[in-house]
1. Take the Cα atoms of region 166-236, find their three principal axes, and give me the spread along each one in whole Å, biggest first.
2. What is the P(r) of region 49-88, as percent of Cα-Cα pairs per 10 Å bin from 0?
3. Taking 7 Å along the Cα-to-C-beta vector as the label spot, tell me the Gln82-Asp302 distance in nanometres, rounded to one decimal.
4. Counting Lys +1, Arg +1, Asp -1, Glu -1, what net charge surrounds Val268 among other residues with beta carbon under 12 Å of its beta carbon?
5. Could you pull out the pairs from Lys338/Lys373; Lys31/Lys221; Lys280/Lys338 whose alpha carbons sit more than 19 Å apart here?
6. What FRET efficiency comes out for the pair Asp287/Glu185, r = Cβ-Cβ distance, R0 = 35 Å, nearest 0.05?
7. For a 31 Å ceiling on Cα separation, which of these pairs sit above it: Lys49/Lys223; Lys28/Lys265; Lys28/Lys228?
8. In whole Å and largest first, what semi-axes does the C-alpha gyration tensor of region 75-214 yield when each eigenvalue is scaled by 5 and square-rooted?
Amino acid sequence: MVRFIHTADNHLGSPFKGLGKKDSQMAKKAKEASYRAFEVIIDRAIEEKVDFLIVAGDLYDTEFQHIQERVFVIKQFERLRQVQIPVFLIQGNHDFWQESALHMSFPDNTYVFGTSVETIYLTTKSNERIALTGFSYPRRWVSERMVNDFPNRESHVDVQIGIYHGFLDGSDKEVAAYAPFSIGEMQAKQYDYWALGHIHQRQVLSDDPLIVYPGNSQGFKRKELGVKGAYLVNLTPTKTVSNQNQIEFFETSPIIWLEEEVDLKGLVTFQELALAISTKISHLHLDEKRFFLLSLVLTNFDDLSQEVFHLLREEDRLIVLQELIDSDKQLLYLYQIKLGPAQEQVFWPQQEQLEESFQDSKAYYQAPQHFQKALTDLMSNRDYANLRDSLPINQQFQEDVMGQVEILLNQSFHKGVDS
């Protein structure tokens, strides 16, 4: 039996999108999360005494890695070298090959595939003959159907594995169509396993052969909800064991993104609002080994008094409502409260990017100098010049403006659905 771990999209060094810079402790937790997730993978590989590790692209978040990221990976691969576990690595659209003066060589147990499709051979300790076929991205965008360059299964090997970072034809995921492929094209190659990367949601596209996305090892934005991880794979060359029993998903993410809906139908006062939120939070199942980022979506809020509604400015509401989860403060961080319909709806394909852009802009304009510059530009318009002397330019005013902008945007979105 051939045993290996399949991981992808680790994005070491990736920042968490949409958190802003308001909480330095949370920022530190977020920065470390991708490293801790990868350490879990290495720990599991050693514990299970696997034959090898596959990294199917985007190990790093960018093509130019920080020296800290490189040193970290080298240390982890060195741990595998000491127990004679090889690593087979392809580079994806985020960490595509770039020449850099900071380049540091991996330990000699690590093989990085070149930018053309190639096959590497391995004989395991149990004498199974393995062929691994893959390629690395030479640039950020690869639009070619690279699957066409993969050879058919070789008859003299016990197991052949394809390693591929790309996009499934017809997928409705909000990701770019890099190196597109179809399930039929991969099945036609007669491989035993396809180790995929690029999609940040785990999916088994086919059972025969196994064509698998493990998803990312740590979620980095609010859409990447729930537990993330990697696959432990067992392949039997004689195929006497059902494919259904050949893969085991295991958790790696130290931080988990959650999104919960709170129905405010019939609620009027702040006390009622606070009780509804507190009740929702009390029913969450929190694992003490993990940290949770919680986004609350408030729905059916039309009955709230105007006074309470206007108190829902982000700067105030997050501070006040975080106190509701005081007993679980070490496990749960309330990073966002938003107004939304019962079922979140997508109004146009780029909505998620727009929302993230707003959060990034919001963090930018929280800096007094940036907010003041924007206000100065506004007041240079003669239609607003008469307001210059009457506005209370202070921190409270700044928070009021940013809070009202978000509320207005949410209201506009909802009206767009209802109309």
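Each reported figure results from applying straightforward, stated rules to the coordinates on display, with no laboratory input. Quick caveat: nothing in here was measured; it's all calculated off a predicted structure. Every residue, glycine among them, receives a Cβ derived from its backbone with ideal geometry; neighbour counts consider all protein chains shown.
1. 37, 27, 14
2. Histogramming region 49-88 at 10 Å steps yields 26, 52, 21, 1 percent.
3. The two pseudo-label positions are separated by 6.4 nm.
4. Values: positive: Lys265; negative: Glu272, Asp302, Asp303, Glu307.
Taking every Cβ under 12 Å from that of Val268, the sum is -3.
5. Long pairs (Cα-Cα over 19 Å): Lys338/Lys373.
6. Working: r = 40 Å, r/R0 = 1.13.
After rounding, the FRET efficiency stands at 0.30.
7. Details: Lys49/Lys223 34 Å; Lys28/Lys265 38 Å; Lys28/Lys228 19 Å.
Beyond 31 Å between Cα atoms: Lys49/Lys223; Lys28/Lys265.
8. Working: eigenvalues 112, 89, 37 Å².
Listed largest to smallest, the semi-axes of region 75-214 are 24, 21, 14 Å.
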